[in-house]
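Written below as structure tokens is the structure these notes are about.
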Amino acid sequence: MKCYKCGKDEVKGTRKELRPYGPGGQNTCFECATADPETEKACGDEFQKRLNEALKSSKLILLDDDGPVPIVILPREKKRQ
Ligand SMILES: [Zn+2]
């Protein structure tokens, strides 16, 4: 997996870790995502869009590598008597 902008490979646990907040959901590294105010805003908007979508399903959100994921808690089963 490579950053759409700089083309560098992902390095987990660093700022080269990629997230899908580039244009059209392309993968981008932190440095490219925050390189200039315009790109940073576009990436922020993409993140917000995905977060809003996830919030439709749950108020609990997991920030996964692929973006925000809703956590759905299943109703507890009744205790057996
Ligand atoms: Zn990059």
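Taking the chain as the reference, fit the longest principal axis to its C-alpha atoms, fit the long axis of helix 37-55 to the helix C-alpha atoms, and give the angle between the two in degrees, 0 to 90, nearest 10.
10 degrees
Of VAL72, PHE47, GLN26, which is farthest along the charge dipole of segment 1-74 in the positive direction, counting Lys and Arg as +1 and Asp and Glu as -1 at C-beta?
Of the listed residues, the answer is VAL72.
To the nearest µm²/s, what D does Stokes-Einstein give for segment 1-74 at 4 °C and 1.567 mPa s, using the Kirkwood radius over alpha carbon pairs as Rh? Kindly include the intermediate steps, with their values, before the conclusion.
Working: Rh = 12.7 Å.
So the translational diffusion coefficient is about 102 µm²/s.
May I ask you to sort LEU18, LEU55, LEU74 by Cβ crowding, counting other Cβ atoms within 10 Å and putting the fewest first? Let's see the in-between values first.
Working: LEU18 24, LEU55 13, LEU74 5.
So the residues, fewest neighbours to most, are LEU74, LEU55, LEU18.
Explain nothing, just compute: Karplus ³J(HN,Hα) = 6.51 cos²θ - 1.76 cosθ + 1.60, θ = phi - 60°, for every residue of segment 6-20 in order, whole Hz, x for Gly and Pro.
8, x, 7, 6, 5, 10, 4, x, 10, 7, 8, 6, 8, 9, x
Dipole size in debye (nearest 20) for the chain around its Cα centre, Lys and Arg Cβ +1, Asp and Glu Cβ -1? Could you put the intermediate results ahead of the total?
Numbers: 16 positive and 14 negative charges, 138 e Å.
In debye, rounded to 20, the chain gives about 660.
Which of the lysines could a cross-linker span from LYS49 if the Cα-Cα distance has to be under 23 Å and same-chain partners fewer than 8 positions apart are dropped?
Candidates past the 8-residue exclusion: LYS2, LYS5, LYS16, LYS41, LYS59.
Quick note: the coordinates plus some simple rules give every number you see, no bench work behind them. What you see is a predicted model; the values in this text were computed from it and never measured. In this analysis, Cβ positions are derived from the backbone assuming ideal geometry, glycine residues included, and neighbour counts consider all displayed protein chains.
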